[in-house]
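The values are calculated or read from the model by the stated rules, or taken from the named source; none is laboratory data. As the structure is a prediction and not an experimental result, all values here were calculated from the model. Cβ atoms come from the backbone with ideal geometry, glycine included; neighbour counts cover every protein chain shown.
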Amino acid sequence: MAYGMSEPDLRIVHPPPRERKPVVPNAVLGTMIFILTECMLFAGFISAYAIARTNVPVWPPAGQPRLPIEATGFNTLVLLASGALMVYAGRRFAEAPEAAKRPMLGAVALGVFFVLFQGYEWANLLSAGLGLRTSSHSAFFYLIVGMHGLHVLGGTAVIVRQFVQLRAGDLSGDSFWAGRLFWYFVVLLWPVLYWQVYL
Amino acid sequence: MSGAGLWLLTAVAWGCAVCGGQDDEDTRQAFIDTTIFLSLLPLGLIGGGALWLWRRANDPSLTA
């Protein structure tokens, strides 16, 4: 190279890579997959129940206590209201996390009420003589409703934990999204079960 | 031990949908309906989830 000539700069300059948010946060994706498996679990229960219904001429079987349709209908509205409050909490959280406290607390309270009311109904049915072994109808009733009740309890525990995190200022949007998603599943599943089991 | 546990658990509930099945038209139709339901449900769930993810992946507002 001749003296005095500068060497051309042949390095390739790449533009800075575009930063892209993940399509779905890991917590939400994991919850979605979990919900998918739960849908299949309850679909299996409902399918088995639908077949069992065809095995007896009268359903629910004669001589058994009737299920509390009206009271459970009211409880269904309570759970739906809890879901609506959770939707509202999600919107408020997007604006200002602090603003989500009240609707979140309301959703928790209604969820706890739902479980306690279900427990009260179960106690009444058990005292009226409807046990797990009474018939296939009662076995399915306790299995399906009980499994859903366990999910409500689990969802309530998650929301309570997230509420504590929110008060401490530690609740991330992704985590809250995942928790809400599970709660929506629990809430929206119940009317289907109510229709199948009670009506 | 596990065998004894299974024996005890199965004695608790009368939930077996197929053991007590009768060969009438209603039961046969219920088996067909639930087979279709259980076959299509996972396909719908996975397909719906995949479509939702694909739409989100192609959403320009997600690009910072």
Could you figure out which of (1) surrounded by fewer than 15 Cβ atoms within 10 Å (Cβ to Cβ); (2) farther than 30 Å from residue A:128 by Cβ; (3) more than 18 Å from the chain's Cα centre (by Cα) isn't true of residue A:61? (2)
Look through the range B:40-59, keep the residues that are part of a helix (DSSP H, G or I) and of a type in the set (D, E, K, R), and return whichever of them is nearest to the other protein chains (Cβ to nearest Cβ). B:56
Right, residue A:78: in a helix (DSSP H, G or I), touching a residue at least 24 places away in the same chain (Cβ under 8 Å) and more than 11 Å from chain B (Cβ to nearest Cβ) or not? yes
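Here is a yes/no grid of residues against (1) at pLDDT 90 or above; (2) surrounded by 10 or more Cβ atoms within 10 Å (Cβ to Cβ); (3) part of a helix (DSSP H, G or I):
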{"position": "B:4", "(1), (2), (3)": "no, no, yes"}
{"position": "B:9", "(1), (2), (3)": "no, no, yes"}
{"position": "B:16", "(1), (2), (3)": "no, yes, no"}
{"position": "B:38", "(1), (2), (3)": "yes, yes, yes"}
{"position": "B:61", "(1), (2), (3)": "no, no, yes"}
Checked the range A:12-48 for anything in a loop (DSSP other than H, G, I, E, B) and under 20 Å from residue A:178 (Cβ atoms); matches are A:21, A:22, A:23, A:24, A:25
Test: residue A:120 is without any contact (Cβ under 8 Å) to a residue 12 or more places away in the chain and more than 30 Å from residue B:40 (Cα to Cα): yes
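Can you pull out every residue in the range A:13-38 that is within 7 Å of chain B (Cβ to nearest Cβ) and either farther than 20 Å from residue A:155 by Cβ or free of Cβ contacts under 8 Å to residues at least 40 places away in the same chain (or both)?
A:18, A:19, A:20, A:21, A:23, A:24, A:36
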Here are the criteria: (1) crowded, with 20+ Cβ neighbours inside 10 Å; (2) of a type in the set (A, V, I, L, M, F, W, C); (3) within 17 Å of residue A:191 (Cα to Cα). Tell me which single one residue A:150 does not satisfy. (1)
Does residue A:49 meet the test of being farther than 27 Å from residue A:121 by Cα, hydroxyl-bearing (Ser, Thr, Tyr) and either within 12 Å of chain B (Cβ to nearest Cβ) or surrounded by 17 or more Cβ atoms within 10 Å (Cβ to Cβ) (or both)? no
